[in-house]
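Written out below as structure tokens is the structure these notes cover.
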């Protein structure tokens with residue numbers, strides 16, 4: 001589950017997995033959390049009480065329910081949403097985004113703008129000069145991570161870990177392939193964003209006042 005939390009964080013949202021209320025309260029007071037991921041198998045019949053305590057921290061909860069226990073699921077638990085395990089990363093991201101949108105509406109902090117490039121972190125939409133660009137989920141994650149940190153150099157290993165997760169078994173060549181596809185979709189001779197740092201990795205151009 002931790003690799004999924006890292007993917008959510010990489011998308012621009014802040015997520016924590018756990019049920020320790022004291023720990024969550026400490027984190028909530030020091031970090032701007034967007035959602036709590038709660039594994040029902042870890043809290044069992046105490047899920048409702050835990051969710052009520054999390055709600056008192058003004059935090060939404062995504063409850064992870066094992067499909068084998070679905071018949072026993074009690075609607076009175078009343079999380080903001082729930083998802084069946086084993087988890088599908090794409091579905092989880094979409095559901096988390098919907099929770100945050102319902103709570104906060106369209107927050108301008110969830111839109112990244114670099115020149116004429118716009119990345120909406122809640123609707124997962126990307127546009128260039130008003131023209132919508134269709135990206136795969138991994139391409140969107142890569143673009144969001146790089147564009148949110150202009151000028152920062154990421155090694156291929158760092159990108160692989162943050163976007164694909166630490167348990168991904170593929171090699172760094174995957175990063176190169178996705179970067180190449182991403183460039184072909186968002187760049188043209190007048191709009192060059194992703195720079196290759198030879199023998200290291202990639203960075204997003206810091207365009208300063210252009211955004």
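Taking residue 86 as the residue in question, decide whether it is outside the structural domain of residue 184 (by TED's automatic domain parsing) and under 21 Å from residue 7 (Cβ atoms). Walk me through it before giving the result.
On the way: outside the structural domain of residue 184 (by TED's automatic domain parsing): yes; under 21 Å from residue 7 (Cβ atoms): yes.
So residue 86 passes the test.
Considering only residues that are at negative phi, assigned to a loop (DSSP other than H, G, I, E, B) and surrounded by 15 or more Cβ atoms within 10 Å (Cβ to Cβ), which ones fall in the range 113-129?
If the condition is that a residue be at negative phi, assigned to a loop (DSSP other than H, G, I, E, B) and surrounded by 15 or more Cβ atoms within 10 Å (Cβ to Cβ), then 121, 122 are the ones that fit.
Residue 70: touching a residue at least 40 places away in the same chain (Cβ under 8 Å) and closer than 26 Å to residue 2 by Cα, yes or no? Judged against the criteria, residue 70 is not a match. All of (1) out of contact with any helix residue (DSSP H, G or I) (no Cβ under 7 Å at 6 or more places or on another chain); (2) at pLDDT 80 or above; (3) part of a helix (DSSP H, G or I) hold for residue 50 with one exception: (1). Do we find that residue 179 is at pLDDT 90 or above and more than 18 Å from residue 136 (Cα to Cα) in this structure? No, not satisfied.
The values are calculated or read from the model by the stated rules, or taken from the named source; none is laboratory data. For clarity, every value in this text was computed on a predicted model and none was experimentally measured. Because the Cβ atoms are built from the backbone with ideal geometry, glycine has one as well, and the counts that use them run over all protein chains shown.
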